[in-house]
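K.L.:
Could you have a look at this structure, given as C-alpha cells, before my questions?
The values are calculated or read from the model by the stated rules, or taken from the named source; none is laboratory data. Fair warning: this is a prediction, and the values are worked out from it, not measured in the lab. Note that each Cβ is placed from the backbone with ideal geometry, even for glycine, and that neighbours are counted across all protein chains shown.
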Amino acid sequence: MTNWKEVDQNVRDWIMEAGKTIRDSFQDELNIKTKSNRNDLVTNMDEGTERFFIEKIRSTYKDHKIMGEEGFGDELSDLSGVTWIIDPIDGTMNFVHQQRNFAISIGIYDESQGVLGYIYDVVHDELYHAEKGRGAYMNDVKLPALNDVPVEDSIIALNAQWMTTNKRIDPEVLAPLVQKVRGTRSYGSAAIEMAYIAAGRLDAYISMRLAPWDFAAGKILIEEVGGVVTDLEGNDLNPLNKSSLFVGKPGLHGRILNDYLKN
Ligand code: IPD
Ligand code: CA
Ligand code: CA
Ligand code: CA
C-alpha cells in the first residue's frame, strides 16, 4: 500500500529543494543545447533537476516508475502501478531568456488515475498542488470551485501559432473565438497556464500539441476544482501520449467546443 501522505511530504520537500537550486543558479552560466529545432532548448538545469528527482524517487520508492521529459526515466508502455510524470522545467525558453514564468511540474498516477499533482512556479514561489478527491491548493490555501463564465467575458490562453497555417487547426476556426473573448494571453509554460486556470486567473487554455509531462499535473489540479480537460476534439487525454489540449471552466469548455472548435 502506498503511503500517499508520506509521498506528498517528500515531493514537496524535493520540489522546494530543486526550486532553490534553480534560483541559486541564476548567476551561473547556463549550458544550453537544442533538441528538435533551434528553438527547442534544454539546459544543464533541466537535466540536473530531472536527475535530482529521479535519484530521490528511485532511492525512496523502488517499485515506482518514472516518465521524464529529458529521458532519464523509464521507457513506459503502460501506466500500471505508481508512475511519476515529470517536467523538470516547463517553460525552458522563459527560463533561459527571462528567468521567470517557468515551473516544475510533477503528476503522480496510480493505475492510470491521477492522484497527486504539483506545479511550482519557482520565481513567484507559488506551489499549486492537488490531491484527488481532496481539492486543489495554492500555497496551501484551498482554491474555490470554478464558476462558469460567458465566452465574451473570458480570458483564454493560447500562443500565436493559431494564426499560422498549421496541420492541427485552421486559423479560420479560432479567429471567431479570438474575436469574441475578452482577451487572450500567452505565458509560454503550459503548466503555469493550467495552474492559472485552476486558480481562476484564466478561463480556458488551448494548445495544439503537448506531451504528457506538460499536462500530467495540471489535469489533476484542474479537475479538482471542477474544470474540464480534453483534447481539441473533446476526447479524454491519455497521460501516456502526446496530444492537443483544451482546458476550460465548466460550461465554458462545452460552449467553446461546440460553438467554435467543432465547426
Ligand atoms: C513547453 C511549454 C510551452 C508549450 C510547449 C512545451 P518545455 O514545455 O510548456 O508553453 O507551448 O509546447 O513544449 O519544453 O519548456 O518544457
Ligand atoms: Ca522541452
Ligand atoms: Ca514542458
Ligand atoms: Ca521541460
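K.L.:
I'd like the residue in segment 18-53 that is surrounded by 14 or more Cβ atoms within 10 Å (Cβ to Cβ) and of a type in the set (Asp, Glu) and, out of all such residues, is nearest to ASN94 (Cα to Cα).
P.N.:
Restricting to residues being surrounded by 14 or more Cβ atoms within 10 Å (Cβ to Cβ) and of a type in the set (Asp, Glu), the top hit is ASP46.
K.L.:
Consider segment 161-194. How many of its residues are among the aliphatic types (A, V, I, L, M), in a loop (DSSP other than H, G, I, E, B) and at pLDDT below 95?
P.N.:
1
K.L.:
Could you list, in sequence order, all residues of segment 18-35 that are without any contact (Cβ under 8 Å) to a residue 24 or more places away in the chain, assigned to a helix (DSSP H, G or I) and in contact with a helix residue (DSSP H, G or I) (Cβ under 8 Å, 6 or more places away or on another chain)?
P.N.:
Answer for segment 18-35, where residues must be without any contact (Cβ under 8 Å) to a residue 24 or more places away in the chain, assigned to a helix (DSSP H, G or I) and in contact with a helix residue (DSSP H, G or I) (Cβ under 8 Å, 6 or more places away or on another chain): just SER25.
K.L.:
Please identify the pairs in which a residue from segment 81-99 that is farther than 22 Å from LYS56 by Cα has its Cβ atom under 6 Å from the Cβ atom of a residue that is more than 11 Å from ligand 3 (Cβ to nearest atom) and part of a helix (DSSP H, G or I), counting only partners at least 6 apart or on another chain.
P.N.:
GLN99/PHE26
K.L.:
Looking only at residues that are touching an Asp or Glu at 6+ places or on another chain (Cβ under 8 Å) and away from ligand 3 (no atom under 16 Å from the Cβ) in segment 154-184, which one is farthest from LYS249 (Cα to Cα)?
P.N.:
Looking at residues that are touching an Asp or Glu at 6+ places or on another chain (Cβ under 8 Å) and away from ligand 3 (no atom under 16 Å from the Cβ), I get LYS180.
K.L.:
Filter segment 44-84 for residues that are of a type in the set (A, V, I, L, M) and within 12 Å of ligand 4 (Cβ to nearest atom) and give the result.
P.N.:
Within segment 44-84, MET45 is the sole residue that qualifies.
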